[in-house]
1. Using the basic label-point model (7 angstrom from Cα toward the beta carbon), what is the Gln63 to Glu95 distance in nanometres?
2. If you average the C-alpha positions of the stretch 433-485 and of the stretch 137-207 separately, how far apart do those two centres end up, in angstrom?
3. Work out how much length Glu18 to Arg392 would gain on full extension: take 0.36 nm times their residue separation and subtract the Cα-Cα distance, in nm to one decimal.
4. Note down the net charge around Val323, summing +1 for each Lys or Arg and -1 for each Asp or Glu among other residues with Cβ under 11 Å from its Cβ.
5. Tell me the Kirkwood radius of the chain: reciprocal of the mean inverse pair distance over distinct alpha-carbon atoms, in Å.
6. Where does the chain land at 222 nm, in deg cm²/dmol rounded to the nearest 500, when only DSSP H runs of n ≥ 4 count, each adding -39500 (n - 2.57), divided by all residues?
7. 5 Å is the cut-off here: which amide hydrogens, built 1.01 Å from N in the peptide plane, fall below it relative to Gly272, excluding neighbours closer than 5 in sequence?
8. Go through 435-448, 155-168 and give me the packing order, highest mean Cβ count within 10 Å leading.
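The values are calculated or read from the model by the stated rules, or taken from the named source; none is laboratory data. Bear in mind that the values here come from a model prediction, so they are computed numbers and not experimental data. Positions of Cβ are generated from backbone atoms using ideal geometry, with glycine treated the same way; all protein chains shown enter the neighbour counts. When the accessible area is computed, the model is the full protein with side chains, heavy atoms only, and any ligands, DNA or RNA have been set aside. Shrake-Rupley method; radii C 1.70, N 1.55, O 1.52, S 1.80 Å.
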Amino acid sequence: MPEYEGKVNAPEFPEGMEWLNTDRPLSLRELRGKIVLLDFWTYCCINCMHIIPDLKKLEHKYQSELVVIGVHSAKFTSERDTDNIRQAILRYEIEHPVVNDHAMEIWQRYGARAWPTLMLIDPAGKVVGYLSGEGVYEPMDEAISKIIKEFDARKQLDRRPLDLKLERHRVPSSLLAFPGKVLADEKSRQLFISDSNHNRIVVASLDDYSIEEVIGSGETGLDDGPFETATFNHPQGMAFDGKTLYVADTENHAIRSIDFEKRAVTTLAGTGKQANYINQIGGTGRQVDLNSPWDIVLHDGLLYIAMAGPHQLWKMNPRTQGVVPYAGTGREARIDGPLDRSALAQPSGITTDGKKLFFADSEVSSIRSADLDPNGRVETIVGEDLFEFGDRDGRGAEVRLQHPLGVVYHDGLLYVADTYNNKIKIVSPRDKSSRTFAGTGEEGLGDGKRATFDEPSGVSVAFGKLYIADTNNHAIRVADLKSKRVETIQFKGLEKLRPRAKIARFAGETLELPAQNVEPGESTLMLSLELPAGYKLNPLAPSSVTFEGAGNEAVDLGDRAGRALRNPQFPISLPVKVKEGETGINVNLVLYYCEADKESLCYFKEAILKVSVKAKKGAGNNKLSATYTLKM
């Protein structure tokens, strides 16, 4: 890449496009003086996901000089929708502006040819160079530092901050966040949930859907140890042997084990670093780099791994911790044949009937099989190729799916999370047929026989029911296999889902209310709550209100001081006694609320109200009032 300035004017962004993570469209003209890095991406692409950490490192290092702009140029039809891109931004925790290049117009203006492609633009608005593929941090770091040196010497750098309105500031905190996979186990009568964006595993009872365990602190990391302090990084698929739960810890590039007797998490394989090469040999335990393990299945004591990053299936022995490639050369394609000469494309879901492995090969929108016989083959059951996708039932190559991420075998059939079609399909390995089981195809959270989903990603079967990780709805759904009726699970014990990180340190909002004048002596504090239209407090969750004095003895709250009022009914009337002078009352709110017509979809909000009080004779008032308006 050039060491100083570019020579070619960077094409301006077209007008009329939809922008995200900003409250206004941006232009290269207004960004003069900044270094601009355009990231041409599409949210299905594993390679695009892999460079997000590199982009975050660059943004952090050059936060005053660099502006990264994501140019979302979609591969799949579903990815052209701005709301779907918004969900991807939230799921990948992207904090730079993104423009929806739905017609590939910016892509064509810049001559992009592959996902991801990065275009570097200097402060004068000239294109300096570009890179395609992964491993972008070091070359971009070097180029950006040289551009800074060049334009600093000219005094042409603009280091003023770019004020952004991020999408995450516009959405409430849900108690589950983009759950990626779900595993229902009949023997233990437990439901395991990868609460992916909360970096934890949730365990619930299949009998009454009460929350039994929350494994992980909620922080991002690769820390082994007790359930309460262990950390994960966007975990996905799981497998259970009756005692140990194995987890594909996707963004840690690791396989973890959860021992329920010892109540401890251990890393079995993976260094925490992404393998930056196609490993055809494998390795042992924590000495081997892995690459985005997305799902796992257990058979005869061995783990079979859908390794999305290198487009392969891998095999692991948990006892010896040896892990090796099993199928796929590493080339991204749909090529059937012997295990070691086949080609896969981002396998993201895996299951077995005891004779074959079945996997959702997401980038070729296909369901495929791999023999458990090491001398066997990979075959395609339904689907076609990298750019052949859609929503069409039928047989074999005529079937069209759209980026399926989940699959489970049950009673001779495969139930498939046809993710971007917002449907659940049934695929028969015997006659290579596919038909719709549930979902109208519309995005939504509708129950019943005409159910709607929003990018479901994981499926599991137990006791005649199909459990579904409905990822973008932040919900777990359950469908009766006979009636096909879908319901959204209403979990019990929701207080256990309150993120531990928020318990450890306050992460809500603090509001200071204007001072109120009252007469000294007996008074009344009236606390009101205003929820957004269409929302209500969740009756299944223990919201609470706690009143505390503001650090002095000028206010007497009686027996309510410091005691949490559970499941409060608003407005709340609290008798108080106030001495002459200035004092205050702190009101701590922990609120669980839901949409009025979708009680099962629950959100969480924590807030502190600081009520300032001036007690003086002649105020002519003995009432205090406080209102908390919960904003989405």
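1. 0.7
2. The distance from the Cα centre of the stretch 433-485 to that of the stretch 137-207 comes to 26 Å.
3. Full extension from Glu18 to Arg392 adds 131.7 nm.
4. In short, +1.
5. This gives a value of 26.5 Å.
6. That comes out to -2500 deg cm²/dmol.
7. Amide H to amide H, under 5 Å and 5 or more residues apart or across chains, Gly272 pairs with Leu290.
8. The peptides rank, most packed first, as 435-448, 155-168.
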